[in-house]
1. Going by amide H atoms built from the backbone, whose H comes under 5 Å of the H on Val98, apart from near neighbours?
2. Please list, in order along the stretch 139-146, the HN-Hα scalar couplings obtained from phi with the Karplus expression 6.51 cos²θ - 1.76 cosθ + 1.60 (θ = phi - 60°), rounded to whole Hz, x for Gly and Pro.
3. As I understand it, the value is the acute angle between the Cα axis of helix 76-87 and the longest principal axis of the Cα atoms of the chain; what does it come to in degrees, rounded to 10?
4. Restricting things to alpha carbons, tell me how big the stretch 283-367 is in terms of Rg and Dmax, in Å.
5. Under a 5 Å amide H to amide H cut-off, with H placed in plane at 1.01 Å, what residues pair with Trp180 once short-range neighbours are removed?
6. Rolling a 1.4 Å sphere over the protein heavy atoms, what is the accessible area per residue of the stretch 24-280, to the nearest Å²?
7. For the stretch 292-345, run through the trypsin sites (Lys or Arg not before Pro) and keep only the ones in DSSP coil with at most 14 other Cβ atoms within 10 Å of their Cβ.
8. Once both axes come from the Cα atoms, what is the angle between helix 331-340 and the longest principal axis of the chain, in degrees from 0 to 90, rounded to 10?
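The values are calculated or read from the model by the stated rules, or taken from the named source; none is laboratory data. This one's a predicted model, so the numbers in the text were calculated from it and none came from an experiment. Heads up, the Cβs are rebuilt from the backbone with ideal geometry, glycines too, and the neighbour counts pull from every protein chain shown. Surface areas here come from the heavy atoms of the whole protein model, side chains and all, with no ligands, DNA or RNA. Shrake-Rupley method; radii C 1.70, N 1.55, O 1.52, S 1.80 Å.
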Amino acid sequence: MRRDLFAMPPGIYLDGNSLGVMPHAAREAVLRRLDEWQRDAVEGWDRWFGLAESLAPSIARLVGAHPHEVIATGSITANLHSLLATLYRPQGGRRHLVATSLDFPSDVYALQAWAARYDAELRLIPSRDGHTLHEEDILAALTDDVALALLPTVLYRSGQLLDVAGLTREAQSRGVLIGWDAAHSVGSVPHALHDSGADFAVWCHYKYVNAGPGAPGGLYLHERHHDRLPGLRGWWGHDKGTQFEMAHTFRPAPGAGAYQLGTPPILALAALEGALSVFDTLSLEEVRARSLELTLHLMALVDAHLPELRIVTPREPARRGGHVALVHREAQALSLALRARSITPDFRSPDILRLAPVALYNTEAEIEATVGVLRELLDTGAHRAVEAGGLVT
Ligand SMILES: Cc1ncc(COP(=O)(O)O)c(C=O)c1O
């Protein structure tokens, strides 16, 4: 779609759902900020002081929120802790937490810590097939003793996309606060967090937003919660106008900006600044349409040529995100063999090969070549000769 805007690594890169490819604009923005540091040293803060806030309109567009409802800060895990510290107030009979058995472990660790603090339960919604979630099972978990639920927009292994608006409505009609881990959907699927009424969301910018390794995370808090004091506080969440008065009374910045803690990583924010400038020029609906086109093409070729690989990503467009998950008992060996042939997939233990044909920079030809190599590997068994080694991410 806009491959020209990216510094593509050599070979075929299908791992943008783990770490997006570098946009030229990200590199340029970082170099610009480095020049400012070199030239201005501490005076540079005049320019950098409001950098995170200046990115909020672009981020808000990606998640369908008002700019004052979002901020780039922390990481998914840190932001989740921060929002739980604010919103999770077990009261009376309504005290337990709900997440899913297919969640990314870091979310579960964070929720476990909060459940333990309040002597509450963390209930994990089961999966019937080990890959996807049934809406009835999610609804069944939202009982009247549950205070807060965290759900993934797109499941990180299977790529299943949940009905964010529908489930938000259901949770709230049952009196349950609801938050979303949108790591695998932001930058790939359009969102309407504000209109859905979701209480909060967390996500990263290093996957489909292409802001680089360890990019500052994303935090959304619906404006109905902006009258609360953040559960975790730091001077960077203080009202900007009076932050440098250094008073010992915390006056929160209006909106999600109050959830910043310490000094932001300006060079990392610069990469995000550049990466967001790419999205500013694109229609998110077109990004989604192109993503669906590419994943459909991939699934059709797998069906036709790779019957040994089982697609566990839902087929319906409304139920799949930006990557396709293929199950095979030799998935790890296949992944290593693809890498040895300059094709970068992604492996998730024990048996999932994830392929993410990213709307912004991947092509049909790359998908076809990858399917061709997989066919050859399965025919020859050459992947079994590849020694497992190195870091399998
Ligand atoms: C779905 C999901 N949630 C949470 C995390 C953890 O994110 P972070 O390392 O930014 O805290 C990841 C990391 O890849 C993820 O994919």
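1. Arg123, Leu148, Ala149, Leu150
2. Karplus-based 3J(HN,Hα) across the stretch 139-146 equals 4, 5, 7, 8, 8, 7, 9, 9 Hz.
3. Its long axis makes an angle of about 40 degrees.
4. Values for the stretch 283-367 (Cα only, Rg and Dmax): 12.7, 39 Å.
5. Leu151, Phe200, Ala201, Val202
6. Details: 10300 Å² over 257 residues.
Here the residues of the stretch 24-280 average 40 Å² of exposed surface.
7. When the trypsin sites (Lys or Arg not before Pro) of the stretch 292-345 are filtered for loop state and at most 14 Cβ neighbours within 10 Å, Arg315, Arg329 remain.
8. On a 0 to 90 degree scale, this one is about 80.
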